[in-house]
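Trainee: Before I ask anything, here is the structure I am working with.
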Amino acid sequence: MGAKDKKKPAAAGEPLWKQRRRELRRQEIKRLMWKIGGVALICIVAGLLIWMNIRAISPHRAKKNAKVETMSALGVVKDKRIDASEGGRKYIVSFAVGSWVADRVVDEKTYDKLQKGQEFLITYEPAPFSGKPKVVKWEPVKYESGGESPNR
């Protein structure tokens, strides 16, 4: 039972200089592939970073059926003013909500009832990027003692 003869590679019969040249060419192709792969990877990462920065900066519209988050906070009437710059009269009330000031256009009757410093429980929607409140509705604060604000 003799051992099978192993086939020798075709390159074994070639001269040594041809084998060396073939090996050097193979290594050169390998280095070139690594360079191409590295450049492609760098381009992909740079493109991804640019895309992420553009997406973060540009305002993208909310989906139509997306839920709008409403929040509640204690607000105070900070300012009342009448704007007649556009021909008609707009009654504008400014509410201080936290560190923000939110404006709301009201009718004349409501405008006359409101007083500076009056406190309200305000329901608002924060703006998507800045967080500035947009007043949805407000209710006068009712204290258990039945009186005005304890801060006055």
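Okay, residues lined up against (1) assigned to a loop (DSSP other than H, G, I, E, B); (2) touching a strand residue (DSSP E or B) at 6+ places or on another chain (Cβ under 7 Å):
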{"position": "A73", "(1), (2)": "no, yes"}
{"position": "V77", "(1), (2)": "no, yes"}
{"position": "K80", "(1), (2)": "no, yes"}
{"position": "S85", "(1), (2)": "yes, no"}
{"position": "V93", "(1), (2)": "no, yes"}
{"position": "D103", "(1), (2)": "no, yes"}
{"position": "T110", "(1), (2)": "no, no"}
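Trainee: Looking at A66, A62, A40, A56, which one is part of a helix (DSSP H, G or I), among the small types (G, A, S) and at pLDDT below 95?
Mentor: A56
Trainee: Among all residue pairs at least 6 apart or on different chains, which show Cβ distances below 6 Å where the first residue, located in region 130-147, is in the same structural domain as T110 (by TED's automatic domain parsing) and the second is surrounded by 10 or more Cβ atoms within 10 Å (Cβ to Cβ) and modelled with pLDDT under 70?
Mentor: Qualifying pairs under 6 Å: none.
Rundown of residues vs (1) modelled with pLDDT of 85 or more; (2) surrounded by 12 or more Cβ atoms within 10 Å (Cβ to Cβ); (3) under 37 Å from the mean Cα position of the chain (by Cα), yes/no style:
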| position | (1), (2), (3) |
| --- | --- |
| D103 | yes, yes, yes |
| D107 | yes, no, yes |
| Y111 | yes, yes, yes |
| Q118 | yes, yes, yes |
| I122 | yes, yes, yes |
| S130 | no, no, yes |
| K134 | no, yes, yes |
| P140 | no, no, yes |
| N151 | no, no, no |
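The values are calculated or read from the model by the stated rules, or taken from the named source; none is laboratory data. Predicted model, so just to flag it, every value in this text is computed and none were measured. A quick note on method: Cβ atoms are made from the backbone with ideal geometry, for glycine too, and the neighbour counts reach across all protein chains shown.
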